[in-house]
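These notes are about the structure you will find just below.
The values are calculated or read from the model by the stated rules, or taken from the named source; none is laboratory data. Small disclaimer: the values here were computed from a predicted structure and weren't measured. Note that we place each Cβ from the backbone using ideal geometry, even for glycine, and neighbour counts take in every protein chain shown.
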Amino acid sequence: MFKEFRKEIEWGGRTLVLETGKIARQANGAVMATYGETKVLCTAVAENNERPGIDFFPLSVHYQEKTYAAGRIPGGFFKREGRPSEKETLVSRLIDRPIRPLFAKGFKNETQVICTVLQHDMENDPDIVSMIGTSAALTISGAPFMGPIGGCRVGYINGEYVLNPHIDEMVNSELDLVVAGTKEGVLMVESEASELSEEVMLGAVTFGHDAFQPVIDMIIEMAEQCAKDPMDIAPAPEGLDDVKAKVKELAEAGLRDAYKISDKLDRQAAVAAAKAGAAEKIREEFDADLVGKVLDDAFKSLEKSIVRRSILETGIRIDGRDTKTVRPIVTEVGVLPRAHGSALFTRGETQSLGVATLGTGSDEQIIDALEGSYRNHFMLHYNFPPFSVGEAGRFGATGRREIGHGKLAWRAIHPVMPTKEDFPYTIRVVSEITESNGSSSMASVCSCSLALMDAGVPLKRPVAGIAMGLIKEDDGVAVLSDILGDEDHLGDMDFKVAGTEEGITSLQMDIKITSITQDIMKTALAQAKDGRLHILGEMGHTITEGRDHVAATAPRIETFTIKKDKIRDVIGAGGKVIREICETTGAKVDLDDDGTVKVAAVDEKAMEAAINWIKGIVAEPEVGMIYTGKVVKIMDFGAFVNFMGPRDGLVHISELANHRVEKVTDVLKEGQEVKVKLIGIDDRGKVKLSMKVVDQETGKEVEPEAKK
């Protein structure tokens, strides 16, 4: 029989509940996490045996939202959940990042975490609930997980930190920060901020780390009651130390020389040659199966030791820089003349081409989320083709990494974007990574900021980003500014900071070791600020603010307001009128529920024609005014003329001309354009028009003496 276990605490003003033993009992670990009334089922399964020939830890994390959790039915024809949304992908990464470094070294059994949102109370975001549930599920699963971890969201409202703000409270928060870690320290940070200082950001991380300690204690208490027996970890193969010693003997000198080469491609070639020469001799001396299992790990271990020890002992890095110097920067805008805005940002061997496009309201992205549908008028997309690192790799659908890097750059720039009222465009900016050797996401922040300013987007201030690294050993610590790809791969931390000269707009941190101290974070933030200000200075040589006009190829947008009771007249039955306006003039027309009209067109004449058409529809007829109209119906007693949008008026047969008219058809035919004067509106709203008092050639009123 399965036994049920339950733990409950009050946390952040709400009840957090963890339950196991009732649902999904065949998983290694399954926890129903409830916070408020948001429920997430978190499961963890690790295979009993290692997959043969694998040289990495095959962990996969999947966060999925079921629309029934919010009492909704999916849109589309199939009426079921499909491929992961952007949020689902981002939350999956959010959970993956803090748990991955805590699995025992050498554990290579396929492990899968699935978090399913079963109920959403519209107050508590399921992402934090999922992270906590995952931590609990792994801790009781028996997998060699050196947790548990805790996690929380930190807001900053009215100058005070707030633990796990409600979704509607986040509108007033200057900070959206998610932090996760162990009892000892922080493992992961993800955030968006409104140009906050380093001190405020560090305080938020510390506040969050302290706040989730009760959650860790809660998970430990649950595990003490119901954790499964730990899984066996395959022992290191016999002879591993001998192979490592031989690798060191044969390859160390060559690898040391290779890592003195500053050019990335030349360095990679030299590293590959040193490895190949040593590997050939090692294969002759040791058993083939043993070599196949341990050779790559032995080379990685040696490379890591060489690079890390050299930096700690000399303070000089792979490309010859000291720990604080940023690589040479070159910036250029307007590189694609037909684009609305473009920029090329090059930092060392990392290069991003940013391209901005301005659209109208009809180009907004409609997001179908659990909380409801909403529109997004600022999009940032990141592309990382394999040629950027000199490889012929997978090319196709957007990957999780590209979505994550694009969202990080979006968070960095979003706080300085203008409101829709100030700049009524839909904005899409794309970062094409054309070269990569360290922090292409931060290069994207820089290139996209430049491209947006080139497009005439009035950013509050330019934004730049920098990636920091860490080498931490028992005998020393080095914080590295503007890390290379190899330093990221062989180091202990990826710490990315973006912001303006006024403060931080985004902070992301991933730790590959068990944790880092507050002092290290403080040093990294201070060093990152110096680097960020340096990069902003280099960008400032090219452009410092949004241009005062948009490109000639971009649409112009004019905004005005009409009365709400006139909206129906502009739209017409089934959208007939507004479609006719767009098709006839070539302009785009967006009409909001509050009566706001946005008319967009590249051609000035098309815009003017559409605006005049709409204003003509909503304008109120005035007695004494002269209008141009079209005969729409001929009767025996006169003709009906459409003269102002949907309005018709009657020109009585006696008002057709200054002479007697026998038949209306002697003077008019349907479809004929005429000029009329509004001479009266009766109590029933009937409009009376006259043609005889208007010169049909000039459109001017006939002088009194001419009426005789």
Checklist entry - Could you list, in sequence order, the residues of the range 670-708 that are of a type in the set (S, T, N, Q), over 15 Å from Asn658 (Cβ atoms) and modelled with pLDDT of 90 or more? => result Gln672
Checklist entry - Residue check, Ala273 against (1) without any contact (Cβ under 8 Å) to a residue 24 or more places away in the chain; (2) in contact with a His (Cβ under 8 Å, 6 or more places away or on another chain), all met but one. Which one? => result (2)
Checklist entry - Taking Ser444 and the conditions (1) more than 27 Å from Gly491 (Cβ to Cβ); (2) among the small types (Gly, Ala, Ser); (3) surrounded by 24 or more Cβ atoms within 10 Å (Cβ to Cβ), which numbered condition does it fall short on, given that it satisfies the others? => result (1)
Checklist outcome for this item: Going through the range 60-74 in order, the residues found to be assigned to a loop (DSSP other than H, G, I, E, B) and either among the β-branched types (Val, Ile, Thr) or in contact with a helix residue (DSSP H, G or I) (Cβ under 9 Å, 6 or more places away or on another chain) (or both) are Ile73, Pro74
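Residue-wise test of (1) surrounded by 15 or more Cβ atoms within 10 Å (Cβ to Cβ); (2) among the polar types (S, T, N, Q); (3) not assigned by TED's automatic domain parsing to the domain that holds Arg308.
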residue: Val200; (1), (2), (3): yes, no, yes
residue: Asp210; (1), (2), (3): no, no, yes
residue: Ile216; (1), (2), (3): yes, no, yes
residue: Leu255; (1), (2), (3): yes, no, no
residue: Leu265; (1), (2), (3): no, no, no
residue: Val271; (1), (2), (3): yes, no, no
residue: Gly277; (1), (2), (3): no, no, no
residue: Lys281; (1), (2), (3): no, no, no
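Table: residues versus (1) within 47 Å of the chain's Cα centre (by Cα); (2) at positive phi; (3) in contact (Cβ under 8 Å) with a residue 40 or more places away in the chain.
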position: Val577; (1), (2), (3): yes, no, yes
position: Ala587; (1), (2), (3): yes, no, no
position: Asp666; (1), (2), (3): no, no, no
position: Glu673; (1), (2), (3): no, no, yes
Checklist entry - Looking at Lys677, Lys630, which is the one that is within 19 Å of Trp613 (Cβ to Cβ) and not in a loop (DSSP other than H, G, I, E, B)? => result Lys630
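In the list Ala524, Ala498, which residue meets the criterion of being of a type in the set (A, V, I, L, M, F, W, C) and more than 19 Å from Ala180 (Cβ to Cβ)? Working first, answer last.
Numbers: Ala524 fails: more than 19 Å from Ala180 (Cβ to Cβ).
Every option except Ala498 fails the conditions.
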Item to check | Residue, modelled with the highest pLDDT, within the range 358-377, restricted to residues that are among the small types (Gly, Ala, Ser) and in contact with a helix residue (DSSP H, G or I) (Cβ under 9 Å, 6 or more places away or on another chain) | outcome: Ala369
Checklist entry - Taking only pairs six or more apart or across chains, which ones have beta-carbon atoms under 8 Å, a first residue in the range 300-323 that is closer than 19 Å to Met468 by Cβ, and a second residue that is loosely packed, with under 15 Cβ neighbours inside 10 Å and aliphatic (A, V, I, L, M)? => result Ser310/Ile316; Asp322/Ile316
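Which residue is nearest to Ile140 (Cα to Cα), if the candidates are limited to the range 25-59 and must be of a type in the set (S, T, N, Q) and in contact with a helix residue (DSSP H, G or I) (Cβ under 8 Å, 6 or more places away or on another chain)? Step through it out loud before you land on a result.
Taking the range 25-59 as the starting set, the residues that turn out to be of a type in the set (S, T, N, Q) are 26, 28, 34, 38, 43, 48-49.
Still in the list and also in contact with a helix residue (DSSP H, G or I) (Cβ under 8 Å, 6 or more places away or on another chain): 28, 34, 38, 43.
Details: Asn28: 8, Thr34: 17, Thr38: 22, Thr43: 11 Å.
Ranking the candidates gives Asn28 first.
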Item to check | Listing of strands (runs of 3 or more DSSP E) fully contained in the range 107-189 that carry 3 or more residues being not aliphatic (A, V, I, L, M) | outcome: 111-119, 150-157
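Please determine whether any residue of the range 526-540 is under 28 Å from Ser352 (Cα atoms), β-branched (Val, Ile, Thr), surrounded by 15 or more Cβ atoms within 10 Å (Cβ to Cβ) and touching an Asp or Glu at 6+ places or on another chain (Cβ under 7 Å). Spell out the reasoning first.
Going residue by residue through the range 526-540, those that are under 28 Å from Ser352 (Cα atoms) are 526-540.
Those still in the list that are β-branched (Val, Ile, Thr) too: 535.
Retained after the next criterion (residues that are surrounded by 15 or more Cβ atoms within 10 Å (Cβ to Cβ)): 535.
Within this subset, residues satisfying the condition of being touching an Asp or Glu at 6+ places or on another chain (Cβ under 7 Å) are none.
Scanning the range 526-540 turns up no residue that is under 28 Å from Ser352 (Cα atoms), β-branched (Val, Ile, Thr), surrounded by 15 or more Cβ atoms within 10 Å (Cβ to Cβ) and touching an Asp or Glu at 6+ places or on another chain (Cβ under 7 Å).
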Next on the checklist: Condition first: crowded, with 18+ Cβ neighbours inside 10 Å, part of a strand (DSSP E or B) and without any contact (Cβ under 8 Å) to a residue 60 or more places away in the chain. Can you find one or more residues in the range 36-54 that meet it?
Outcome noted: no
Checklist entry - Which residues, counting only those in the range 411-440, are more than 29 Å from Val597 (Cβ to Cβ), of a type in the set (Ser, Thr, Tyr) and modelled with pLDDT under 95? => result Ser436, Ser439, Ser440
Next on the checklist: Can you pull out every residue in the range 65-86 that is under 20 Å from Glu37 (Cβ atoms) and surrounded by fewer than 18 Cβ atoms within 10 Å (Cβ to Cβ)?
Outcome noted: Lys66, Tyr68, Ala70, Gly71, Arg72
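Looking at Gly396, is it modelled with pLDDT under 95, surrounded by fewer than 19 Cβ atoms within 10 Å (Cβ to Cβ), within 21 Å of Glu86 (Cβ to Cβ) and of a type outside the set (Asp, Glu)?
Spelling it out, Gly396 is indeed modelled with pLDDT under 95, surrounded by fewer than 19 Cβ atoms within 10 Å (Cβ to Cβ), within 21 Å of Glu86 (Cβ to Cβ) and of a type outside the set (Asp, Glu).
Could you please find all residues in the range 154-180 being on the phi > 0 side of the Ramachandran plot and out of contact with any Lys or Arg (no Cβ under 7 Å at 6 or more places or on another chain)?
Initially, the range 154-180 is screened for residues on the phi > 0 side of the Ramachandran plot, giving 158-159, 164.
Those that are on the phi > 0 side of the Ramachandran plot and out of contact with any Lys or Arg (no Cβ under 7 Å at 6 or more places or on another chain): Asn158, Gly159.
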Checklist entry - Can you find a residue in the range 513-524 that is more than 27 Å from the chain's Cα centre (by Cα), surrounded by 22 or more Cβ atoms within 10 Å (Cβ to Cβ) and outside the structural domain of Leu202 (by TED's automatic domain parsing)? => result yes
Checklist entry - Lys605 passes all but one of (1) surrounded by fewer than 16 Cβ atoms within 10 Å (Cβ to Cβ); (2) farther than 30 Å from Gly359 by Cα; (3) out of contact with any Asp or Glu (no Cβ under 9 Å at 6 or more places or on another chain); which number fails? => result (2)
Checklist entry - Would you pick out the residues in the range 95-123 that are within 21 Å of the chain's Cα centre (by Cα) and either buried (at least 22 other Cβ atoms within 10 Å of the Cβ) or among the basic types (Lys, Arg) (or both)? => result Ile95, Arg97, Pro98
Checklist entry - Looking at this structure, is Phe57 over 21 Å from His120 (Cβ atoms), assigned to a loop (DSSP other than H, G, I, E, B) and in contact with a strand residue (DSSP E or B) (Cβ under 8 Å, 6 or more places away or on another chain)? => result yes
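Looking at Gly151, Gly142, which one is buried (at least 19 other Cβ atoms within 10 Å of the Cβ), in contact (Cβ under 8 Å) with a residue 24 or more places away in the chain, of a type outside the set (A, V, I, L, M, F, W, C) and closer than 30 Å to Phe57 by Cβ? Before the answer, list the steps.
On the way: Gly142 fails: buried (at least 19 other Cβ atoms within 10 Å of the Cβ).
That would be Gly151, the only listed residue that is buried (at least 19 other Cβ atoms within 10 Å of the Cβ), in contact (Cβ under 8 Å) with a residue 24 or more places away in the chain, of a type outside the set (A, V, I, L, M, F, W, C) and closer than 30 Å to Phe57 by Cβ.
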Next on the checklist: For the structure I just gave you, tell me whether Ala193 is outside the structural domain of Ala464 (by TED's automatic domain parsing), assigned to a loop (DSSP other than H, G, I, E, B), farther than 19 Å from Gly133 by Cβ and of a type in the set (A, V, I, L, M).
Outcome noted: no
Checklist entry - If we scan the range 633-652, do we find a residue that is within 24 Å of Glu580 (Cβ to Cβ), exposed (fewer than 14 other Cβ atoms within 10 Å of the Cβ) and without any contact (Cβ under 8 Å) to a residue 60 or more places away in the chain? => result yes
Checklist entry - For Glu221, all conditions in the list (1) in a loop (DSSP other than H, G, I, E, B); (2) at pLDDT 90 or above hold save one; what is the number of the exception? => result (1)
Next on the checklist: Quick check on the range 297-309. Is at least one of its residues touching a Gly at 6+ places or on another chain (Cβ under 7 Å) and either modelled with pLDDT under 85 or surrounded by fewer than 17 Cβ atoms within 10 Å (Cβ to Cβ) (or both)?
Outcome noted: no
